[in-house]
Amino acid sequence: MEIVEKVAHIVRQKMLQDTSGHDFWHVQAVLNNALMIAKCEDDVNITLVSLGALLHDIADHKMGFSDDECRACIHQILNDLGVEDDFIEQTVSIVLSVSFKGGKNVNVVSSLEAKIVQDADRLEAMGAIGIARAFAYGGYHHRTLFDPTCNHNINPNCDTISHFHTKLLLLKDLMHTQAAKNEAQIRHEFMLEFLQHFHAEFEGRI
Ligand code: ADP
Ligand code: NI
């Protein structure tokens, strides 16, 4: 079995049960996005992109892991499969730089492979899947769908609709690669249309 398939199998076992928006199928969709983006770029290491995508949420800050714990987790998985240290470190560097870090992206994304995985993960927070994930996350954190008394542009945690205004609608301008920029524009417009419908329905504009 090829290394990417082996890692996919391990990640699937570890992440299948998650209900916070970081289950294996999120990982699979990020991998799909990343491969789609990579096709449009020159000189990409596809194995590195694939491993970065598969492992990008394996030990994330949101789940309480530190950078060191994340590094150790990735080393353990890839070491056991005989991957060379240098390649493991390149994978770790992608995973650490891709993290949203609660919205504050403190790690600089430098390699093309890291940019591709970050674009792929950001695309997953947009469009139809992004909308579904936002409300799943809101429910998981006992947040209301929509509260008209919230200041949606300022308070990110008031209700789930505020997450669109404080984060999701800003993502299209953060894409690095051209393929992701194109796709982000489509997903952005879909979210705007969703919000228009949402407010019209709430106000009884029928
Ligand atoms: P990722 O898996 O891309 O690292 P996050 O862990 O930051 O993303 O978030 C997981 C999903 O939950 C994303 O789709 C994100 O938009 C959504 N999410 C994160 N924070 C909130 C929030 N405060 N309200 C609603 N959805 C959120
Ligand atoms: Ni993710």
Select from segment 44-90 the residues that are of a type outside the set (A, V, I, L, M), touching a Leu at 6+ places or on another chain (Cβ under 7 Å) and away from ligand 1 (no atom under 16 Å from the Cβ) and write down the one among them that is farthest from GLN13 (Cα to Cα). GLN90
Going through segment 16-28 in order, the residues found to be within 11 Å of ligand 1 (Cβ to nearest atom) and either buried (at least 18 other Cβ atoms within 10 Å of the Cβ) or not small (Gly, Ala, Ser) (or both) are ASP18, GLY21, HIS22, ASP23, HIS26, VAL27
So for segment 47-69 (the condition being small (Gly, Ala, Ser) and either farther than 22 Å from LEU123 by Cα or loosely packed, with under 15 Cβ neighbours inside 10 Å (or both)), does at least one residue qualify? yes
Take segment 147-206 and flag every residue that is away from ligand 1 (no atom under 14 Å from the Cβ), more than 22 Å from the chain's Cα centre (by Cα) and aliphatic (A, V, I, L, M). ALA200, ILE206
Take the residues in segment 13-31 that are in contact (Cβ under 8 Å) with a residue 60 or more places away in the chain and in a loop (DSSP other than H, G, I, E, B), then tell me which one is farthest from HIS56 (Cα to Cα). THR19
Can you find even one residue in segment 32-39 that is more than 13 Å from ligand 1 (Cβ to nearest atom), within 30 Å of PHE198 (Cα to Cα) and in a helix (DSSP H, G or I)? yes
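Throughout, read-outs are computed from the coordinates displayed, never taken from laboratory work. If you're wondering where the values come from, they're calculated on a predicted model, not measured in any experiment. All Cβ positions, even for glycine, are placed from backbone atoms using ideal geometry, and neighbour counts span all protein chains on display.
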